[in-house]
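Here's the structure, in C-alpha cells; my notes come after.
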Amino acid sequence: MLQARLAISVLFLVCGLNFASWATRIPDFKDFLSLSDAELGSILMGLPIGSMVSLPLAGWLIARYNSKIICLLSVVLYIIILPALTYISTSLFLFIGLFSFGMAGDLLNISMNTQVVALEKMTNKKIMSSFHAIFSIGLMLGSLLGGYLVKKNISLEHHFYLIAICNVVSIIGVYQALLTDSKNLEQENEVVKAKFKINNYLLILSFIAFCGMLCEGAMADWISLYFKSIPNLEGYPFTIGFSSFAFSMVIGRFLGDWAAQHISIRNILMFNGILIALGMSITVLFMNVNVLILGCFITGLGISTIVPMIYSQAGNTRDTSPAMAIAAVSTIAYIGFMLGPVVIGFLSEYFGLQRALVLLIMLGVLASGISKFALSKD
C-alpha cells in the first residue's frame, strides 16, 4: 500500500513539474514569437482544448484498459512533447504543441486521480487532497527551478530536456508499484452505458470547479507576465508571484484531507471562493511587490482544495465508474481552464492586465455564492 502511495505521489509531482516548467517559460515564447496579449491568449487555448478533446478519450481508455497503462502512456507523451516544444518557430506550431501537451496532461490527470480513488477505497480514507498538494509541490519546484534557470540565462532547450529526463527516471522507477484496476466484464459494460450520466449534484460541483479551474489557469498563464510588468520587483524574479501561489496551494491541499474529515464540502467551497476574491483584490489593488506576493498566496489557498474535493466526491458516486465520473466533471471544469487564458488575454488587450484580473475576483464571489445557496449543508 505504501509503495502504491509513493508511486502515485511521484506521478502528481511530475505532473506539476511539467506544467510549471511550461508556465515559467511563457514569457520566452511571447517574446520570441512577438505576440500581443490577445494573440498569446488565443494560442494558450491550445493546451485546454487538447485537455478537452482527451477527456472522453481518457475516461474510455481507462475504463477499457487500465489506469496504470494510461499513466505510462501519458508520461511517455510528455517525454516526447517537452523537447519538441523547444523547436517551435511559429504561432501555429506552438498551438499544436500546446494541444498535444494538454492531451498528455489530461490523460495523466484522469489516470492518476483514478489511482487515488482506488487507493481511497482500499484504505477507507479521504486522501485526495494530499496528492493534489504533491502536484502543487511539483508546481512550486517547477516555478522555482524555472525562475532560477531564467535568471542564470539557461536556454529553453536545456531546461525542457532536463524535465524530460526527470519524466523518464520517474516512470521507470514507479510503474511497477502503480495499482492495477480490478473490474469484470459486467462492470465494463456498466461503465460504457453510464459514461454520460451526471446528476444535478455533480453539475453544481462541476460549475464550482469551472470557476476554480478558470482562476487556476489564469494564474498559471498570466501571473508571471503581470509581475514582469511591475516596475520594481525588489530583486525578486518575475516568477515569484506564481511561486507564492504554488506554495500556498501546497499548504491548502495538505490541510484539505483534514478539512474534508471535519468540515462539510459546502462550507469548504464557500470559504474557497471568499479567499479567491480576497487574494485577487489584494493583487490588483496594490502595487507593493510584497503585498502582491501575499495576494497570490491567499488566492492559492482559495483555489487549492476546490478540484481535489470535487474529484473525490465525483470519484465516489455510485452510478458510474470513478474514471468516467471524474472525466464528466472535468469536462465542465476544463471549459473554465480553456476560457481563462483567452478571456484574460482579450480583456488585457483592451483594459490592461491588471483590470482583466478583476474577473477572478468575480469568479471567487460566484463560486462562494453557488456553494452557499445550491449545495446542501450535509
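Among the DSSP helices (H) of the chain, those spanning at least 18 angstrom by Cα along their long axis with an average Kyte-Doolittle hydropathy of 1.0 or more are 2-23, 46-64, 67-85, 91-123, 128-151, 156-174, 200-228, 265-285, 289-304, 322-351, 358-374; this is a geometric and hydropathy rule only.
Label sites at residue 346 and residue 234, each approximated as a point 7 angstrom past Cα along Cα to Cβ, lie 3.7 nm apart.
With the convex hull of its Cα atoms as the shape, segment 1-83 has an orientation-averaged projected area of 6.6 nm².
Considering every Cα-Cα pair within segment 39-80, what fraction, in whole percent, is farther apart than 15 Å? Across segment 39-80, Cα pairs with separations above 15 Å total 54 percent.
Applying the criteria of a DSSP loop state and at most 15 other Cβ atoms within 10 Å to the chymotrypsin sites (Phe, Trp or Tyr not before Pro) of segment 252-311 yields 286. Rg and Dmax of the chain, based on Cα coordinates, read 19.4, 63 Å.
Beyond 20 Å, what share of the Cα-Cα pairs of segment 215-310 remains, rounded to the nearest whole percent? The calculated P(r) of segment 215-310 puts 34 percent of pairs beyond 20 Å. The local environment of residue 128, defined by Cβ-Cβ distances under 11 Å, has a net charge of +1 under the rule Lys, Arg +1 and Asp, Glu -1.
Based on Cα atoms of segment 95-136, Rg over Rh with Rh as the Kirkwood radius reads 1.14. Model label sites at residue 266 and residue 372, defined 7 Å from Cα along the beta-carbon direction, differ in position by 1.3 nm. Counting alpha carbon pairs within less than 8 Å and at least 6 residues apart, what relative contact order, in whole percent, applies to the chain? The value is 27 percent.
Heavy-atom accessible area, probed at 1.4 angstrom with all protein chains present, ranks 358, 150, 117 as 358, 150, 117, highest first. Here the accessible area is traced with a 1.4 Å probe on the protein chains. For the chain, carbon and sulfur cover 67 percent of it.
The values are calculated or read from the model by the stated rules, or taken from the named source; none is laboratory data. From a predicted model like this one, the values you see are computed outputs, not experimental measurements. Counting neighbours? That spans all protein chains shown, and the Cβs are built from the backbone with ideal geometry, glycine included. Ligands, DNA and RNA are excluded from the accessible area calculation, which covers all protein heavy atoms including side chains. Shrake-Rupley method; radii C 1.70, N 1.55, O 1.52, S 1.80 Å.
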